[in-house]
Structures are given as C-alpha cells and as structure tokens.
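Asker: Below is a structure I'd like to ask you about.
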Amino acid sequence: MRVLPTPADVSAATPDPLVRWAAQALLPGRGGAAWAHGDAVGVLAPGLNRFDRLVVTGPVDDVAELVRAHARPGLVPLVTTATAEELGWPVRGTFGWMERTGSLDAGGRARWLAEDEWDDVESLLRKANPDSWVWPREPGASRWAGVRADGVLVSVGADAWPAPEVGFIGGVATHADHRGRSLSTEVCSFLAGALLAERGTCGLMVDAGNAPAIRVYRRLGFAYRSVTALRDSL
C-alpha cells in the first residue's frame, strides 16, 4: 500500500473528483492521510462535511482491501453505490454526488455576501433549510452568496470545504415565499461559475430523493453519481 502525501499526489493517482475533493484533508493541519492500493485510491478526511470519512474509488477488490486496512470505529467509508452493492457490507445511507468541469457564465442577481450579512444567512437557513450541513461561522463555509429581494435575503448558498482542485457547493436555501422563481438556480449558477473558474471542477451532495434540486443541478450541467456511506462495523 503506497502513501499519497499531498493533494497533487492524489490527483495524479485518480481523476475521480470526489476523492480529489476529499484530498483537502492532506493540507497542513487537516490531519488526513491517503493511500493507493492496486488501482484503488482512498483518502481519510477528518471532519469533512461533518463526518470523519474514508473516501475510496477503484476496482471493488482493491477498494475492499483498502477499506479493511483503514476502517475504524467512527470512520464512515464512502464508495460508489455500485461498489457498495458488490461489497455487500452494511450500509449507512445512499445519496448523490454531482460534479461538473468546464466553465459557466452565471449572470443573474446573485453576489458574494459580506460577513456582516451572515446573520441574515443564518436566519434564512433556520427558516428554509434547518437541516443544512453548512452554517455561517462554523467549519466548512468559506464564503456565502445570495440574492436579496426588496432588501431581504431570500436565497443563499455557500462555497464550502474547498479543495485545491475541486470546489464544493453547500447550504443552499430559498425562502418558501420566493420559491418557483429560479432563485436557487441563480445562486448555484453564480457559485458554480466562480468555483469552476478558480478550481476547474465543482461538486455537491444532494439527497437521492430530492428530485427538484437534482433537476436544478442537472440544468447547470452537473452529472449525478450515486454514492453510499458504509457502516464502520465491517
């Protein structure tokens, strides 16, 4: 099993954007680690999107060896759903990872929000997306974008958990009174355009059953992959 010490080493070993996103854990002070085994690559990413994760890609037999070598209590292995089905190991949950490359011309009314607007972001999230995994002034979000209507913040999203080569969108929410007006599309288009320009690839996570959100992201050029979190008792 070969150690991959930097995000660049991970990117050289796999083109998979999900694993390359997790490789931010190899930045100084993050406490992560990464390995290659056969044609599989895995990244141990503490605190990534609220969980200590072991994100792995590659052929199922190589993935199995890598996960067995590094699984521990409290660590959530994350693999494609197709790999999880072949492994047959206990499953914690299945959801979507969506990704795209290239460029995106945003347009619209969305803009970066100043830090003195973050209280408004928190207020909107509590009303429109109280289960958000991204919040102002907590680990994860580095910037927030949003749209105001008549001076009131009505739609937001975050540049969250950014990796050197892969941006990530989280914390998307639109006030219930303003839904159906493409505001989330404007915010996500703005975020994706900025992150693609800065990092080359953009990803996000979405509930598998959230068809409206998946449609929005697909219209913005994101491709859907089903991923599965395994239980730590393998």
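Asker: Quick one: which strands (runs of 3 or more DSSP E) sit completely within the stretch 15-111 and have at least 2 residues that are in contact with a Cys (Cβ under 9 Å, 6 or more places away or on another chain) and modelled with pLDDT of 95 or more?
Answerer: Details: elements: 33-37, 40-48, 51-57, 76-80, 91-101.
Output list reads 91-101.
Listed here are the residues, each with its yes/no results for (1) under 18 Å from residue 24 (Cβ atoms); (2) without any contact (Cβ under 8 Å) to a residue 24 or more places away in the chain.
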| residue | (1), (2) |
| --- | --- |
| 47 | yes, no |
| 55 | yes, no |
| 65 | no, no |
| 89 | no, no |
| 93 | no, no |
| 96 | no, no |
| 108 | no, no |
| 115 | no, yes |
| 121 | no, no |
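Asker: While we're looking at this one, here's another question. Out of 172, 152, I need the residue that is surrounded by fewer than 17 Cβ atoms within 10 Å (Cβ to Cβ) and of a type in the set (Val, Ile, Thr). Which one?
Answerer: Numbers: 172 fails: surrounded by fewer than 17 Cβ atoms within 10 Å (Cβ to Cβ).
Checking each option against the conditions leaves just 152.
Asker: A follow-up question, please. Within the stretch 3-54, track down each residue that is more than 24 Å from residue 224 (Cα to Cα), of a type in the set (A, V, I, L, M, F, W, C) and surrounded by 14 or more Cβ atoms within 10 Å (Cβ to Cβ).
Answerer: Within the stretch 3-54, the first condition is being more than 24 Å from residue 224 (Cα to Cα), and the residues that meet it are 3-6, 8-9, 26-38, 46.
From what is left, the residues that are of a type in the set (A, V, I, L, M, F, W, C) are 3-4, 8, 26-27, 33-36.
Passing the criteria: 4, 8, 26, 33, 34, 35, 36.
Asker: Let me ask you something else. Cβ-Cβ below 7 Å, separation at least six or inter-chain, first residue in the stretch 166-183 and at positive phi, second assigned to a loop (DSSP other than H, G, I, E, B) and of a type in the set (Val, Ile, Thr): which pairs?
Answerer: Pairs that qualify, where the first residue is at positive phi and the partner is assigned to a loop (DSSP other than H, G, I, E, B) and of a type in the set (Val, Ile, Thr), are 171/134.
Asker: Here's a follow-up. Would you pick out the residues in the stretch 192-228 that are more than 13 Å from the chain's Cα centre (by Cα), touching a residue at least 12 places away in the same chain (Cβ under 8 Å) and more than 12 Å from residue 96 (Cβ to Cβ)?
Answerer: Answer for the stretch 192-228, where residues must be more than 13 Å from the chain's Cα centre (by Cα), touching a residue at least 12 places away in the same chain (Cβ under 8 Å) and more than 12 Å from residue 96 (Cβ to Cβ): 193, 194, 196, 197, 198, 199, 200, 216, 219, 220, 221.
Asker: Ok, one more. Of all residues in the stretch 37-65, which are aliphatic (A, V, I, L, M) and within 21 Å of residue 203 (Cβ to Cβ)?
Answerer: So in the stretch 37-65, the residues aliphatic (A, V, I, L, M) come out as 40-41, 43-45, 48, 54-56, 60, 63-64.
Of everything in the stretch 37-65, those that are aliphatic (A, V, I, L, M) and within 21 Å of residue 203 (Cβ to Cβ) turn out to be 40, 41, 43, 44, 45, 48, 54, 55, 56, 63.
The values are calculated or read from the model by the stated rules, or taken from the named source; none is laboratory data. Since this is a predicted model, take the numbers as computed values, not measurements. Please note: Cβ atoms are built from the backbone with ideal geometry, for glycine as well, and neighbour counts cover all protein chains shown.
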